[in-house]
Amino acid sequence: MTMFSEGGPPAQIKADRDGFVLAPSPDAPISAIVEYVEKRLRESRDFFFGSKMALDLRERPFRPDEIAALRQTMEEAGGVKLAEVRIGDDHSFVFSWVGQQLGVALKEYKESGDCAPKPQPVIVRTTCRSGARVESPAECVVLGDVNPGAEVLAAGDIVVFGNLRGMAHAGAWGDRSARIWALSIEPNQIRIADLVAVPPKGGKPVPKRFEMAEIREDRIEVTTM
Amino acid sequence: MAGKTIVVTSGKGGVGKTTTVANIGTALAKKGHNVVLIDADIGLRNLDVVMGLENRIVYNLVDIVEGKCKSAQAMIRDRKLSNLHVIPSAQTREKDAVNPAQMKSLCAELTEQFDFVFIDCPAGIERGFKNAIAAADVAIVVTTPEVSAIRDADRVIGLLEANLVKETHLIVNRVNQKMVKKGDMMSVGDIVTLLSVSLLGIIPESEDVVVSTNRGVPLVHDRSSRPGIAYTKVAARLEGEEIPLDEDNGVKLMDRVKRFFMG
């Protein structure tokens, strides 16, 4: 996910519960980030002085010397202490740094991936009433209605053998090819992947057998079958 | 003799739970059953007001569960019917003065002597609700034909199912058939389709309700009151009688008469 378009700031300084967080843009060069941080801290030195700042590197892996440069800039320009470095799933740069320290390359051997079980679809055998929330790591099948106020989320497709009147979110982890099937779709809102749709005002055709919602050309469309 | 424990609940406030408890309870007592009504809305006591018994309260529900009095001492006998009793709630305490286990043992004790134990549930789904439904065999969910009340009723039915209350019935209160006909109000059919529980009765909207509440005399004592008649039918259905539902439907009946005259 690219949060910053080109031409945006090379980094963002945010505040959270524990203090400030510096989040560099994934595509910005280190020189631009250091320059930007220095400028911001000098501009508001009184505001930042003596505070702690975390470095969020989940979007952009860093080399250790880059972290050191940034840390030095923080302390010199604003009297800001580097409190912690946050890293994401990509540990490769940590391995390469440890490897350099040891003088021997570190290599990670993972358990073979295909033994991980495939997530099973969730089957709900009752009506989902207001306040119910169903989450599925795969497909989700509801044998009953989904009433207003209920929420059904699935990483894959959602199939409702009843009326869908509540909120359904198919492809909740970003799968745009996910679909929603129901005997009748008349929800407050439906979501597929990152798109949200509200049904049009006014009457709708009575479904003959069932209805299906899918993404076509960047919008959610409901087809009556 | 093992009676039935029936909780009357709704989720949303102001839909007519207390009125429903007072009227169904009174109607069943009129038919000769031994009935006790428990006000479980601790801190917001009002079943006693609707029953017109406010000035006779000495002990209350919290006193019973805390062992300050026997359950028989806290029961107030109705002014007209000797087989109808009310256990009022405490006005100066909070919901956590009682826990679900205490409600269960109290109701178990009461069902030994009474045919019907009615529990008037507070609005909401927090502690008071959990206390009220703990001992229930049967739940009556009251709703009005408003989207907000129906949404809350749906949530409550879900919670009742999750708490293993086996039997759930629905009463749709304050139905105005004229507005339904004009399409300004949801019809009872739509509500039942959405909530998918068995319908126990339809209570028409009426000004009589306010008058009866203020006087402290339940509607079922008045034979000419339409909601009173509807509540009497609900009570009969609870006894197991089969009374068709559309009879409640005052306007429809009138229409039939009209059609007959028009030929």
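Below, the figures for the structure above:
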{"read-out": "Number of the condition not met by B:Thr168 [criteria: (1) farther than 16 Å from B:Leu194 by Cα; (2) within 14 Å of chain A (Cβ to nearest Cβ); (3) open to solvent by 10 Å² or more (accessible area, probe 1.4 Å)]", "value": "(1)"}
{"read-out": "Filtered residues of region A:135-151 (kept if part of a strand (DSSP E or B) and open to solvent by 30 Å² or more (accessible area, probe 1.4 Å))", "value": "A:Glu135, A:Val141, A:Glu151"}
{"read-out": "Long-range neighbours under 9 Å by Cβ, at least six apart or interchain, first residue at the interface with chain A (Cβ under 9 Å from one of its Cβ atoms) within region B:142-163, second of a type in the set (Phe, Trp, Tyr)", "value": "B:Val156/B:Phe129; B:Leu159/B:Phe129"}
{"read-out": "Residue within region A:176-184 that is closer than 20 Å to B:Leu194 by Cβ, of a type outside the set (Lys, Arg), within 12 Å of another protein chain (Cβ to nearest Cβ) and open to solvent by 40 Å² or more (accessible area, probe 1.4 Å) present", "value": "no"}
{"read-out": "Residues (modelled with pLDDT of 95 or more and open to solvent by 20 Å² or more (accessible area, probe 1.4 Å)) located in region B:33-51", "value": "B:His33, B:Asn34"}
{"read-out": "Residue ID - nearest to the other protein chains (Cβ to nearest Cβ), chosen from residues in region A:147-157 that are touching a residue at least 24 places away in the same chain (Cβ under 8 Å) and within 16 Å of A:Arg179 (Cα to Cα)", "value": "A:Val152"}
{"read-out": "Output for region A:90-129, where each listed residue is hydroxyl-bearing (Ser, Thr, Tyr), at pLDDT below 75 and surrounded by 10 or more Cβ atoms within 10 Å (Cβ to Cβ)", "value": "A:Ser92"}
{"read-out": "Extreme residue, farthest from the other protein chains (Cβ to nearest Cβ), among residues of region A:158-174 that are assigned to a strand (DSSP E or B), open to solvent by less than 10 Å² (accessible area, probe 1.4 Å) and more than 24 Å from B:Val192 (Cβ to Cβ)", "value": "A:Ala170"}
{"read-out": "Filter pass, B:Val7 being in contact with a Leu (Cβ under 9 Å, 6 or more places away or on another chain) and either of a type in the set (A, V, I, L, M, F, W, C) or at pLDDT below 95 (or both)", "value": "yes"}
{"read-out": "Among the residues listed as A:Ala54, A:Ala132, the single one being within 14 Å of chain B (Cβ to nearest Cβ), crowded, with 18+ Cβ neighbours inside 10 Å and of a type in the set (A, V, I, L, M)", "value": "A:Ala132"}
{"read-out": "Residue in region A:66-84 that is within 14 Å of another protein chain (Cβ to nearest Cβ), surrounded by 12 or more Cβ atoms within 10 Å (Cβ to Cβ) and aliphatic (A, V, I, L, M) present", "value": "no"}
{"read-out": "Pair list, Cβ under 8 Å, 6 or more apart: region B:174-202 residue within 14 Å of another protein chain (Cβ to nearest Cβ), other residue open to solvent by 60 Å² or more (accessible area, probe 1.4 Å) and in a loop (DSSP other than H, G, I, E, B)", "value": "B:Met186/B:Glu146"}
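The values are calculated or read from the model by the stated rules, or taken from the named source; none is laboratory data. Note that this is a predicted model, so its numbers are computed, not measured. Because the Cβ atoms are built from the backbone with ideal geometry, glycine has one as well, and the counts that use them run over all protein chains shown. Side chains included, ligands, DNA and RNA excluded: accessible areas come from the protein's heavy atoms. Shrake-Rupley method; radii C 1.70, N 1.55, O 1.52, S 1.80 Å.
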